[in-house]
Structure formats: structure tokens, C-alpha cells
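Have a look at the structure below, then the notes.
Bear in mind that the values in this text are calculations on the coordinates, not laboratory data. In this text the structure is predicted, and so the values were computed from the model without any measurement. Note that we place each Cβ from the backbone using ideal geometry, even for glycine, and neighbour counts take in every protein chain shown.
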Amino acid sequence: MTLDTNTEERPLALVVDDDPVLRLAVKQFVERLGFETQVATDGRAAVELFTKVCPDIVLLDAAMPEMDGFAACAAMRALPEGAHVPVIMITVYEDESSVDQAFNVGADEYITKPIHWAVLRNRVLHLVSSYRAERQLRDDHAFFQSLVDSIPDPTVVVDTNLVVRWVNSSAPGFFAFEAISLGDPLAFHAKATIDDDSDTPLLSLITNIVTHPKHQNETIECVLSVGTAHDNRFFAQLHARALRGVQGQVHGFILRLQDVTTRERLRSEASHLGDLARHDSLTGLANRMLFEERLRSLIARHDGTDERRVALLFLDLDGFKAINDSYGHAAGDQLLRAVAGRLESLVRRGDLVSRLGGDEFGILLTEVADLDVIKMLAERLLDSVRAPVVIGGESCSVSASIGIGVFPDHAESGEDLERCADSAMYRVKNAGKSGIRFAEPIR
């Protein structure tokens, strides 16, 4: 039996013995096994040669002048690569003390003279095979570490118990992590949460991924909101995915984080500006822009066969100009805010109340099956507007004219729905104000 050298360069054996006959015999023996060889006649020369050639195995005599095998083995083990290279001690010593000393200084095997060549052959082949496998693992480890380090974002690999197994150079000190070290449980900043309504702690999310197989074929992505001890807030995008073995079993997870603080702050500012652009600054209600967007969306989603309707109510205040003229614009603004609050309190979640301009309001009702329900709500809206508002110690009252258009009963498009509701409202105005009127059905 010899070493398989088909896939790698021939391994190198360092043969060390002060006896030239035995040194030659061992040298020729390992060469027949497929090794290249280097030889040394004493321990000191062996250590010097070891640093130059870095062998795959050392066959080391124990009893030698200058430096014996025990001291040479200890010196080799102190070298950077010496911690891994297998060493077989070959000696005439059979006493317990010598055996203990050999293993204490780092020998992997201990063979006595005269040499049993079959035993030596199996020891050599087994140790070199194991050394090669271990070296490949170290190379793979170094390769994977360099691969992970090449990722610019903080990246951590954890096992199924959330113990850190790999970490790249960008992760330590990243604001989302507490102190992070190999072999320690994963620990995120105490205030790190998923940036959503549930305010879920991050570790709860990761635990959920680990314990629920349905998530283990997915790449989980979410934004973390991270608060610091100084009340600063940062944001990180988390990417998490399960790592599987050859047979598909989950061995751990790779977590990658990106600092998206600038992006999220810009997005928040843009969202805030978008809200400002779509809401009335006086009442906080939706403005005409948002009203038109919602109306188009509701009409587009309606398939024409659904019995649930979309209702549009145009509500125009009666007597508002007199309040403005008598009490001033500040009083008029106060009344508009009061009316806005009353209207919004009467509609359902999902319906929309908007101020379209001046003293005109628009109300969108979704999924209404019965016209009588729409009429009942309109009457309640009218009653709420008529209720007095105290302004500057004075009780002020207004009323409203309400025109109602229903899709698809009264119109076939959003534009037509607005026109027919507006027309119905002006019929109320022309008939004496303070009332409700439905648009005419499509003929």
C-alpha cells in the first residue's frame, strides 16, 4: 500500500537519525511509499531544515547528539507550521518515562526499534492522509475567511444555536452588534428592532427563522432600526439565509447587514414631503391630489360586476362666508378644523375624508352594498356639521349641502362620478341648501 499521489504533488518526509544505516533504510522505505525525502543527522539540523522545506511528516530518532529528538520535536512544534505537521518518534527507548516525554513534547506516534515496517507504513500513511485533510480544511477555512472578508458589508455566519462561527472584518464594531467574537452567542444591540408595526426584537426574528422550516428556503430581508446609548438612530438592511449541508440539512445561517441609514433618512424625508404634498396643512385631511389618486385607484380595482359600490360625497358648507366675515379668518380656520374632525370621526377605517379647497370636502366610501347605508351616513354627516362650534366664546353654526354619486350606478368613470356628485350638490344649493341629494342613475 502506497500513498495516492495522483491528485497532489508528492509529499515530503523529513527523516532524522544519526545512524546512517537506519537513516538510509527509513529514507528508502518512505520513498517506496511515494514520498520525496530530506534527511538530517541530528536534532538541530532537523529544526533548521524543517523551517526551509516544511515537510508533510517527520520521522525522528529520539537519541541523537547535539539536540535529541525530544528537544527537536518541541522546537518544531513551536514553529508556525510545526503545530500541525505529524511527527513519528522512532527510538530504542521503551520505558514509560520516554513514551510520556515523547507525547508531552508533541509526537503523534511512538515506534520502537527494531522497526516493524508494516506498522510504520500504516502509521505514516494514516498520519499524512489526516494531515492533508486537516490542511485542506485550514485552506478552505482561510479561503472562506478571505471570501467573507471581501464582502464590504458586515457578515456573520452562525450555527443553528446562533453561536458565531464566522465573522468578517467589517462586523466588529458595527453599530447593530454588541461585542462579537467567534464561539460567542450572537448578540445584537438591545434596541435593535424590526422597523415595522410589530416592533419585533431582532433575535426573535432570527429565532423564528431557525425554528420554522418554512423560512429556511427563503432569503429573509428586513430593515433594522437601531437605537444607541446616545439616542441616535441608525438603520441596517438585514439579509439572512440558511446554510445547508450536502443532504440538505440546515447547519447555520449567514447574516449580512448594510448600513442604510442615509437611504432610510432620505426615504423618510421623501415620504414626509409626499405626505405634505397630499394633505391639507390646515386640517390634516387628505387634499385634492390624494383624493383624486384614491378615486382612480378604487375605480380601477372595481371589476364592474361587484355589488359593492364606491360612493363619492361632495360636501360644501353653507354659511361659512358669514362666519369668516363676522369673526375673521382665524375663526373660520377653527371651524374648518372642527368640521374636519367631526367628518373623519364618522367614517370607517379605509374610507377617506379630504378637504378639496375652501369650505368644500370630499368623502370616498368603499365597498358599500346598500344605497340606504350611504344615505344614513350622509344624514349623520349633515347633523354633525349643523352642531354648533364655540369660537371665541360665541356659538357658531353652519350647515352643508351634500351631493352623492355612486359608481357604477351613476357614472362609468371617476371623472363622471365627480361631475354627477358635484351636480347633485349644486341642486341642493339651488333648492335652499342644507340637504342631501343623490345623482341621477345612468339611463
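Model label points for residue 413 and residue 246, set 7 angstrom from Cα along the Cα-to-Cβ axis, are 6.7 nm apart. Ranked by the mean number of other Cβ atoms within 10 Å of their residues, highest first, the peptides 245-252, 262-269 come out as 262-269, 245-252. Dipole magnitude for the chain: computed about the Cα centre from +1 point charges on Lys and Arg Cβ and -1 point charges on Asp and Glu Cβ, it is near 1440 debye. Considering only DSSP beta bridges whose two residues both sit in the chain, what percent are antiparallel, to the nearest 5? Taking every DSSP beta bridge within the chain, about 70 percent pair in antiparallel fashion.
From helices alone, the chain scores -13000 deg cm²/dmol at 222 nm; the rule is -39500 (n - 2.57) for each run of n ≥ 4 DSSP H residues, then divide by the residue total.
With N as its number of residues, the range 12-147 has a Cα radius of gyration that, divided by 2.2 N^0.38 Å, comes to 1.03. Between the range 387-431 and the range 68-136, what's the alpha-carbon centroid distance in Å? First find each Cα centre; the distance between them is then 98 Å. Where does the charge balance sit around residue 428 when Lys and Arg score +1, Asp and Glu -1, over other residues with C-beta under 12 Å from its C-beta? After counting each charged neighbour, the total is +1.
Anyone know which of 171, 118, 72 comes out most mobile in the 10 Å Cα GNM of the chain? Looking only at 171, 118, 72, the largest GNM fluctuation is found for 118. Each other residue within a Cβ distance under 11 Å of residue 389 adds +1 if Lys or Arg and -1 if Asp or Glu, for a net charge of +2. Taking Cβ atoms as reference points and 13 Å as the exclusive limit, the residues near residue 374 contribute a net charge of 0, counting Lys and Arg as +1 and Asp and Glu as -1. Highest mean first, the peptides 431-438, 60-67 sorted by other C-beta atoms within 10 Å per residue fall in the order 60-67, 431-438.
Would you check the chain for Lys pairs whose C-alpha atoms are within less than 26 Å, ignoring same-chain pairs closer than 8 in sequence, and give me the count? Intermediate values should be presented prior to the final figure.
Working: 27/52; 27/113; 321/429; 321/433; 375/429; 375/433.
Lysine pairs meeting the criterion: 6.
Based on the reciprocal of the average 1/r between different C-alpha atoms, the Kirkwood radius for the range 319-425 equals 14.9 Å.
Size check on the range 1-82: the Cα extents along the three principal axes, sorted descending, read 38, 32, 17 Å. Of 423, 326, 150, which has the largest mean-square fluctuation in a 10 Å C-alpha GNM of the chain? For the chain, modelled as a Gaussian network with Cα springs under 10 Å, the answer is 326.
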